[in-house]
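Notes follow the structure.
The values are calculated or read from the model by the stated rules, or taken from the named source; none is laboratory data. Since the model is a prediction, treat every value here as computed from it, not as a measurement. When we count neighbours, we look across all protein chains shown, and the Cβ atoms used for this are built from the backbone with ideal geometry, even at glycine.
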Amino acid sequence: MTPAHRRVFVGLMLGMFVASISQTIVGPAIPRIVAELGGMEHYSWVATAAMLVSAIVVPIVGKLSDIFGRRGFYLGGLVVFMVGSVISGLAPNFWTLVLGRAVQGLGMGTLMPLSQTIIGDIIPARQRGKYQGLMGAVFGVTSVAGPLAGGLITDELGWRWLFFAALPVGVVAVVVIARFLHLDHEPTRGSIDVLGIVTLTPALVSILLATSWGGTTYPWTSAPVLGLFAAGAVLLAGFVLAELRAENPLLPLGLFRNSIFTWANIAAFGLAMVMFGALIYVPVYAQGVLGAGATESGLILMPMMLGMIVVGILSGLLITRTGRYKELMLLGTVVTGVGLWLLTRLTVESWEWTMTAAIAVMGTGLGMAMQQYTLVVQNAVSRADLGVGTATLQFFRNVGNTVGIAVFGSVMTAGMASAIAGHLPAEMASRAAELGQIDAGAALDPAATEGLPPEVLEAVRRGLADQLHDVFVLGLPIIVVVFFATLAIRAIPLRETVGTPEEAQREYLDTMAQSAPSKGYVPSLREGDVGARTRERVLGLQLAMIARQAGAAERPLLTRAVAEVGQGDLERGRCLLDRAALMLTSDDQEEAAAGERFAVELARRADQEGGLLSAELRQELAVQAAAAARNRDEVLSTIEPSVEERHAAVDLDKVRQAAAELSTALLVDLGRPVETVGSSGRGE
């Protein structure tokens, strides 16, 4: 990496630090923020606003940055994120805070995909894994330190400072990126899926508004809620139709024909709902029911984050060593379910360590399972679809986060008043109407508790405990769905190449920008042109033909060559070539995955110094190729002038191309079964 690129990478890390720390640092303080500003009945929107906007923006920014370039979008994302932080920190009321969080989500949805993409722009693939690991470490550090720092700042300085704390780092990131990030950019052809954008955005907003308002602001059967659900359904149907006809769809629906891809997305969606339900509502229980401070609630969340990071790393190492992943994912969903069940056992009298143990168990399960769905998707789709598949999975996770927060928030706030009233002493029951305005905020905001009778405060705590119990119980059937969706994932062997996952985001931008070829397009046999899959099949036919011909009495040199491929064993060499050929020609994902290691081994041997064949065999080939014109000593004792040197008018690269295309016809003829050749001659 050049010094200039190193400075760019530092700027990217600073930008990701600002985005990630600003999210994790706020979590423990949200209950107190909402209680102080009011709006407890819409508690979920503080998190939902950022998640919703981010979910929508991720694929849109990926497309636009591929067309117009990365630099402007990344700088704009940083600035927008910091503006959202300022709005949130200065918010005078609840809905201004929601607006600020939405603006933060706009910036976050820009920064997240482009950080990985720019790494792909400036760092060679061979070195990229190391730097992506450093970027992942930023997430790990902020996930652990963020909640703890958030609790301390809230208790010592006040919650508004949470939104301002990372701004100086953001300013430095803007300066570094503006000064050093200069990327060559060629505008990509292809239209933007405007119809997909304008149907998906209001569809998600409508459904989430209906979910958030249902049972709280309006009854579930009221006209506004039913109308929003209906509008969301119609818009989603319009989105599906738009994606089926789009040249460059925002969300390629054809991938869902792959059952592995479909089940992985369903499972990741459900697991994201459960995970964010815990992240958002466990601090509410800790502070509102158990009486913990913001700092203590941050400490309660820390074991979950540590479990996800440490177990996630160990799980990855285990999968790398064994190649088995499905069993680990199933175990992870079960362990997550156990942790969630432990949360349902909490009561007003529970100790803080009981909640900490439950959340640690849940984090352990999430560490086993969460990231493996990315692995499953990347392993199941073709290389050309790898980036799109990864981005689609991230989209479903983001939507799952948003839907989970909204649904669990509705469960918490719906019936809160009756739950509180149910715990009031009999002598105060007649005054329940006077206390109707008291909600969970009374247990979260110290100022709200002043002047309240102890009996009322106790009723608020117990009512909140009842509602959050329902929230955690709702997560159990979702985990059951996740388990069976994971069980439905067909386990196929893992690919043994490592370059593809590292280039996923870059390939996503490239793939999304490519115009699909029209029906009946003509594949080219020249490298670099459209028709790469055809050339791969021809290469497979070539290897298969070589394997078949090796061993024949009239093919002594070929027999020696294939035996060398098998390290002296002819049959072993033929097997290696046959398996590599099958990997290149087969459209069956399982067959291709099984043959991949043979193709990798063949490529590794070809990359050795001197090439695939021994020096002795190469000498023999040179002598035999020139046998008609020159003797052995002449061939091996002098470096002959090439035809290209003697006849400058001849472009031998073009001649090689001509020979390769003609050889393709021969290979396909030789590789076809006899009956197929005969039937084609009859015109059938």
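Pairs meeting the criteria (first residue in the stretch 294-314 and closer than 13 Å to Val361 by Cα and without any contact (Cβ under 8 Å) to a residue 12 or more places away in the chain, second residue surrounded by fewer than 20 Cβ atoms within 10 Å (Cβ to Cβ) and not aromatic (Phe, Trp, Tyr), beta carbons under 8 Å, at least 6 apart or on different chains) are lacking. Within the stretch 307-330, does at least one residue satisfy the condition of being in contact with a Pro (Cβ under 9 Å, 6 or more places away or on another chain) and farther than 22 Å from Val376 by Cβ? Among the residues of the stretch 307-330, not one is in contact with a Pro (Cβ under 9 Å, 6 or more places away or on another chain) and farther than 22 Å from Val376 by Cβ, which makes the answer no. Scanning the stretch 90-110 for residues that are buried (at least 18 other Cβ atoms within 10 Å of the Cβ) and either farther than 21 Å from Leu251 by Cβ or outside the structural domain of Ala19 (by TED's automatic domain parsing) (or both) gives Ala91, Phe94, Leu97, Val98, Gly100, Arg101, Ala102, Val103, Gln104, Gly107. Checked against the criterion of being more than 22 Å from Leu476 (Cβ to Cβ) and either of a type in the set (Val, Ile, Thr) or buried (at least 21 other Cβ atoms within 10 Å of the Cβ) (or both), the candidates Thr347, Thr333, Thr320 yield just one match: Thr320.
Yes/no matrix, rows are residues, columns are (1) farther than 30 Å from Tyr285 by Cα; (2) at pLDDT 75 or above; (3) under 24 Å from the mean Cα position of the chain (by Cα):
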site	(1), (2), (3)
Ile25	no, yes, yes
Glu41	no, no, no
Leu52	no, yes, yes
Asp66	yes, no, yes
Val80	yes, yes, yes
Leu99	no, yes, no
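Put simply, of Pro283, Pro249, Pro303 the only residue that is at pLDDT below 90 and not in a helix (DSSP H, G or I) is Pro249. If the condition is being free of Cβ contacts under 8 Å to residues at least 24 places away in the same chain and within 24 Å of Phe484 (Cβ to Cβ), then the stretch 254-293 contributes Phe256, Arg257, Thr262.
Among the residues of this structure, Ala165 counts as one that is at pLDDT 80 or above, surrounded by 15 or more Cβ atoms within 10 Å (Cβ to Cβ) and within 28 Å of Ile309 (Cα to Cα).
If the condition is being hydroxyl-bearing (Ser, Thr, Tyr) and either under 28 Å from the mean Cα position of the chain (by Cα) or assigned to a helix (DSSP H, G or I) (or both), then the stretch 328-361 contributes Thr333, Thr336, Thr344, Thr354, Thr356. Filtering Leu613, Leu621, Leu617 for residues that are at pLDDT below 75, closer than 21 Å to Ala547 by Cα and in contact with a Leu (Cβ under 8 Å, 6 or more places away or on another chain) leaves a single hit, Leu621.
Mind telling me which of the residues Arg160, Arg179 ends up being surrounded by 15 or more Cβ atoms within 10 Å (Cβ to Cβ), at pLDDT 80 or above, within 27 Å of Leu78 (Cα to Cα) and in the same structural domain as Pro3 (by TED's automatic domain parsing)?
Only one candidate qualifies: Arg160.
Candidates in the stretch 136-157 are the residues that are aliphatic (A, V, I, L, M) and surrounded by fewer than 18 Cβ atoms within 10 Å (Cβ to Cβ); of these, the one that is modelled with the lowest pLDDT is Ala137.
Taken over the stretch 312-327, the criterion of being modelled with pLDDT under 80 and not in a helix (DSSP H, G or I) is satisfied by Gly323 alone. The C-beta contact set for the stretch 346-372 (first residue of a type in the set (Asp, Glu), second residue crowded, with 24+ Cβ neighbours inside 10 Å, distance under 8 angstrom, 6+ apart or interchain) comprises Glu352/Ala286; Glu352/Ile300.
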